[in-house]
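Asks: What follows is a single structure, and I will ask about it in a moment.
The values are calculated or read from the model by the stated rules, or taken from the named source; none is laboratory data. Since we're looking at a predicted model, the values are computed, not measured. Here Cβ is always computed from backbone atoms with ideal geometry, including for glycine, and neighbour counts include all displayed protein chains. Side chains are part of the model used for accessible areas, which takes the heavy atoms of the whole protein and leaves out ligands, DNA and RNA. Shrake-Rupley method; radii C 1.70, N 1.55, O 1.52, S 1.80 Å.
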Amino acid sequence: MHCRRRGAVPVSHYEERYLAVGGQRIRVNIRHGHGVPLVVCNGIGASLEVLEPFVAALDPDTTVIRFDVPGTGGSPTSVAPYGFPYLAWVLGRALTKLGFNVVDVLGLSWGGALAQQFAFQNPRRCRRLVLVATGTGVLMVPGHPRVLAKMLTPRRFRDPNYAASIAGELYGGKVREHGDDVAQIFLAQLHAGSKVGYLHQLLAGSVWTSLPALPVIRQQTLIVAGTDDPIIPVANARIMNRLMPHSRLHTHSGGHIDLVTNAPELAPVIVSFLRNSGVSP
């Protein structure tokens, strides 16, 4: 077990491992518990520490698996660009190495695309799917160009003052009044990802869409969306809900990263969905 404390949101008493999978070296963090494990796929450019407020708000008996995609946190940058199908395969291989077969998968923002791809490629391994502040890739209702332009570089992860100054406009919700909180969360990362790694993530998203595949995703799915999300307008969640045959939609008044900044409100909604064996579409 490792005990790591950096910044305002420590990651402590978790098992941390590095796995060689598909030519990548992937940093994985596991909080052991019981039941079906929850795999959490992070947003673009962020390392697994950023998700700590959400993980801390979950039932402590829940097994939670987090990881850094290539070029973020402790995972070295990939030699070549990659797509979501490849990354979903890498994630599957990593879970096999760890001894996990059937899992629930949650994806936040960019990680929501990876979660959708994993569910599509692994229908028998992914039991339930949670999609938070995410969309269908290149074929979606876009955010305002001024907002999206601020996501073209990973500067917000490296410069706390810059992160605080743009947080409200970029993420919306309660962050509009508490930009400094976001800067502190980013400071908790193992280290900021590489510029090349960030570019690879941008490229993966630029050539991917789940729109044609949504009707064939069979997992029970919870879609969580904020009505004040400047990056992924809530219309995208409504479209996904209509196209996915076994989905339900939960909207809240917050913004893009409320899963982290308002975890006490959203974590119980997600836990209830994952535990309820009788969820209906």
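Asks: Along the charge dipole of the chain, Cβ charges K/R +1 and D/E -1, which of G83, Q116, L190 sits furthest on the positive end?
Replies: G83
Asks: Let me spell out the model: positive unit charges on the Cβ of Lys and Arg, negative unit charges on the Cβ of Asp and Glu, origin at the Cα centre of the stretch 54-169. What dipole size does that give, in debye rounded to 20?
Replies: 260
Asks: Oh, and also: What are the aspartates and glutamates whose alpha-carbon lies under 15 Å from the alpha-carbon of K150, with same-chain residues fewer than 8 places away excluded?
Replies: Filter leaves D159, E169, D229.
Asks: With each run of n ≥ 4 DSSP H residues scored as -39500 (n - 2.57), what mean residue ellipticity at 222 nm is computed for the chain after dividing by its residue count and rounding to the nearest 500 deg cm²/dmol?
Replies: So the calculated ellipticity at 222 nm is -10000 deg cm²/dmol.
Asks: Give me the percent of accessible area attributable to carbon and sulfur for the chain, probe 1.4 angstrom.
Replies: Summing carbon and sulfur atoms, their accessible area is 56 percent of the total for the chain.
Asks: At each listed q (0.24, 0.25 Å⁻¹), what is the log10 of I(q)/I(0) that the Debye formula gives for the stretch 45-141 modelled as equal alpha-carbon point scatterers?
Replies: Scattering profile of the stretch 45-141, log10 relative to I(0): -1.62, -1.68.
Asks: Okay, next question. Please work out how much length the chain gains when fully extended from H13 to T251, using 0.36 nm per residue of separation minus the C-alpha to C-alpha distance, in nm with one decimal.
Replies: My answer for the length gained is 82.4 nm.
Asks: Only one of the values (1) 23, 22, 20; (2) 42, 25, 18; (3) 61, 23, 17 was calculated from this structure for semi-axes √(5λ) of the Cα gyration tensor in Å; name its label.
Replies: Answer label, from the structure shown: (1).
Asks: Taking the Cα centre as origin and putting +1 on Lys and Arg beta-carbons and -1 on Asp and Glu beta-carbons, what dipole magnitude results for the chain, to the nearest 20 debye?
Replies: 740
Asks: Can you put D59, D68 in order of accessible area, largest first, using a 1.4 Å probe?
Replies: These residues rank, largest area first, as D59, D68.
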